[in-house]
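To start, the structure itself, in structure tokens.
Quick note: the coordinates plus some simple rules give every number you see, no bench work behind them. From a predicted model like this one, the values you see are computed outputs, not experimental measurements. With ideal geometry, Cβ positions are generated from the backbone for all residues, glycine too; neighbour counts draw on all protein chains shown.
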Amino acid sequence: MLAQRMDMFKLSVGPVQYYWSRDTLTAFYAEVADSPAHTVCLGEVVCSRRHEMKPEDWLSLARELKAAGKEVVIGTQALLETEAELRSLRRWVEQGDFMLEANDTAAVRLLAGHSPWVIGLHVNVYSAPSLAEYAALGATRWVAPVEMSLPDVGKVCPPGAAVQSEVFAFGRMPLALSARCFTARHHHLQKDHCEFRCLDDPDGLALRTREGQDFLSLNGIQTQSGTVQCLLGEREALQAAGVQRLRLSPTSQDFAEVLRQFDAVMNHGASSSEAIAAVQALRMPGPLSNGYARPQRPGMVWVNS
């Protein structure tokens, strides 16, 4: 039984990257509470103008998920620009009830030396010495950059390291952040008067090449991949890299089934090829890709295992 548990992956539901209504979020997390997910990361990590959920709403939801047996982590905002956003960050650090995931170096500075915390996707760590520095500041978990191959993840954080590795295993990949709001600009609006148009795009605003190929996705100030990362066929490579946790980023449709398929393949020996075919048949926001998991491959391609 011990060997079986060591072979299992903890499934982590990443923060919702998009602007969803309060009712949509409530229904979504009710499904997550009854899912195989081990960990849930909550909070607004992209844009401080998104106010469907207030901090106390997130904390109330966190307490409900904890009561349902989930580990809860609060994700901090990834790009801080104003004093108001810094004050909000300080309040999250001071709450003390839930572990935080730092997505900005300001959060790293405030969390250093305090309770254990998570290195988020937006704090770029690309070497073992860099990871060791963050570990000395209290980080106990690292979410690897999306563009890092699995062999490189294993080199930065070898199997058996004190810091746990978490890999972005599903979802549109967050690639960049900007002070400008691309969604507002698309609608010929100013950032401060955006009319909250992000609500119209529950999986981001697709950007395609002239040939019609999925290229990028616009999500307010965030740029994402046009494809959907899916590492269902990489179980052995993930194990070889010493990865313990798989991050699944929410999509607006069929996410509960995605969680079920990942749990079946990663933890119960189900066929990865059948699971991939099942996920491809779901209502995905874009085609699947896994190129970044392989050394020296373009991120948007699909490589058969």
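Membrane-span-like helices in the chain, defined here as complete DSSP H runs extending at least 15 Å along the helix axis by their C-alpha atoms with mean Kyte-Doolittle hydropathy no lower than -1.0, are 22-33, 55-67, 255-268; this is a sequence and geometry rule, not a statement about a membrane. In this Cβ point-charge picture (+1 for Lys and Arg, -1 for Asp and Glu), region 2-293 has a dipole of about 320 debye about its Cα centre. Among 251, 174, 262, which residue has its Cα furthest toward the positive end of the charge dipole of the chain, with +1 on Lys/Arg Cβ and -1 on Asp/Glu Cβ? Checked the options; the winner is 174.
With contributions of -39500 (n - 2.57) from each DSSP H run of at least four residues, the per-residue ellipticity at 222 nm computed over the chain stands at -9500 deg cm²/dmol.
Normalised by the number of residues in region 2-293, the mean separation of alpha-carbon contacts (under 8 Å, six or more apart) gives a relative contact order of 21 percent. Charge tally for residue 77 (other residues, Cβ to Cβ under 9 Å; Lys, Arg +1; Asp, Glu -1): -3.
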